[in-house]
Amino acid sequence: MSEAFPDTIEGPQVSQTMTGHVVIAPDKFRGSLTSPEVAAHVAAGLGNVPVVELPVADGGDGTVDAVVASGFTRVETEVTGPAGDPVTASYAVRNEPGARVAVIELAEASGLRRLPGDPVPLTATSRGTGELIAHAVRHGATRIVLGLGGSACTDGGAGMAQALGVRLLDAAGDDLPPGGAALRDLHAVDASGRLSGFEVIVASDVDNPLLGPYGAAAVYGPQKGASPQDVAVLEAGLARLAAVAAHTHGLAGAAEHDGVVRAMGVAGRPGAGAAGGVGFGALTFLDAEIRPGIGYLLDLVEFDRHVEGAQLVITGEGSIDEQTLRGKTPVGVAAAAAKHGVPVVAVCGRRTVGDEELRAAGIEAAYALTDVEPDVRRCMAEAGPLLERLAARIAAGHLTT
């Protein structure tokens, strides 16, 4: 694998204490702007106002971009893509007291955007994510923050585990090929050769279990191109992975009885179904700890320190809707800002929730691109300049001079 690793890695950045400033802490506008780009356009539109640009993410797409903007160093390397072809992916590193932290975004290596063509739901692999983890650990990382979201695979984290030295064997003692479908032939798990010497924290707000009607295959498989027949195949493979892990790896996975899968133990944990079951693989094979995505990422970029003394926080994401209210980035930012008594407004491409619902979630007001440009296509194409116009409105209505 080709790689580009920096000679030096920065530690946490320490900024001078500010007061009366605005903290700009948005997520990405999917399909138009990254979170750093959103923050930059909002800052430009505010005019002559002291700001701290603090792009954030909840562990999904854009997480690496967000932490790089906050002072982490980007590292690039070539890994296996979800369809098996090589892709260039990046992660972010920073030295902290007692640890070198690597932030790894599954979507960088194993995401839908890494597919070279049509989805391959039965054979898509998370192997590249494991290769990113291995690269970081071999370059000194002792703590891996794994962001889950946007995955192309439903393999239960099998490919990730294999890349880290876990062997998944069929009845003949041969290693399984890539993908969730192959897991139906799993006979034994040998984790004796697993890479060690690091801890894993999964940053994810997904609470789905591995199996069943709310599990990885049933809920997310169709989004990755799986037909109803494919979903049944993937469900069977994930169930077999959980059951064999319970029997041969000393883990409480799932019981198979009379053809009915009953989720137990790790397979039934909230978040086990995240990213096509990679949550389960991380819990099972990497002894990972799952933490709420936006809350943990805000701690990582030191949001509390930056918001102290601020007069306003501006957050946002592409669409503010019912999903937003269930704990996505804007609501997480609002909750963190509320601890400091700092008001929060949001920017977005569009919104489908009312003012009362937003206020109940801690957001005073939301400004949508569609408020100034009804044509959605123009909103996507001209998101930056439109955001600057929204920011000027926010400055006029919410900031003191």
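Grab the other residues whose beta carbon is less than 11 angstrom from that of LEU168, score K and R as +1, D and E as -1, and report the net. Show your work: numbers first, answer last.
Numbers: positive: ARG167, ARG240; negative: ASP155, ASP170, ASP174, ASP175, ASP185, ASP190.
For residues surrounding LEU168, the net value is -4.
With a sphere of radius 14 Å drawn around the Cβ of ALA107, what net charge do the other residues whose Cβ falls strictly inside it have (Lys, Arg +1; Asp, Glu -1)?
Values: positive: LYS28, ARG30, ARG113, ARG114, LYS224; negative: ASP27, ASP58, ASP61, ASP65, GLU105, GLU108.
Charge balance in the 14 Å sphere: -1.
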Could you grab the Rg to Rh ratio for the chain? Cα atoms only, Kirkwood for Rh. 1.00
Separation of alpha-carbon centers, region 173-217 and region 87-101, rounded to whole Å: 23
Reduced to Cα centres, the span from region 290-309 to region 136-153 in Å works out to 19
Rg(Cα)/(2.2 N^0.38 Å) for region 263-401, N = residue count: 1.25
Summing +1 per Lys or Arg and -1 per Asp or Glu among the other residues with Cβ less than 11 Å from PHE280's Cβ gives 0
Please return the longest range in the chain lying between exposed loop sites, taking trypsin sites (Lys or Arg not before Pro), DSSP loop only, at most 15 other beta-carbon atoms within 10 Å, and leaving the sites out. 1-193
Cα-Cα separations in region 264-328 greater than 17 Å, expressed as whole percent: 60
Hey, which lysines would be in cross-link range of LYS28, C-alpha to C-alpha under 23 Å, not counting anything within fewer than 8 residues on its own chain? LYS224, LYS328
Could you grab the relative contact order for the chain? Cα pairs under 8 Å, six or more apart, rounded to a whole percent. 17
Using only the alpha carbon atoms of region 113-195, find the Kirkwood hydrodynamic radius as the inverse mean reciprocal pair distance, in angstroms to one decimal. 13.5
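Pairs of alpha-carbon atoms within less than 8 angstrom and 6+ residues apart define the contacts here; what relative contact order does region 63-293 have, in percent?
Working: 622 pairs, mean separation 44.2, N = 231.
In percent, rounded to a whole number, it is 19.
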Coordinate range along principal axes, alpha carbons of region 63-293, Å, largest first: 53, 37, 33
With unit charges on the beta carbon (Lys/Arg positive, Asp/Glu negative), name the residue among GLY157, GLY362, ILE104 whose Cα is farthest towards the positive pole of the charge dipole of the chain. GLY362
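Normalised by the empirical 2.2 N^0.38 Å for globular proteins, what value does the Cα Rg of region 60-122 take?
Compared with the compact-globule rule of thumb, region 60-122 sits at 1.25.
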Figure the gain on full extension for ARG138 and SER192 (residue separation times 0.36 nm, minus the Cα-Cα span) and round it to one decimal in nm. 17.6 nm
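Each reported figure results from applying straightforward, stated rules to the coordinates on display, with no laboratory input. Just so it is clear, the structure is predicted and the values come from calculations on it, not from any experiment. Cβ coordinates were reconstructed from backbone atoms using ideal geometry, including for glycine residues, and neighbour counts include every protein chain displayed.
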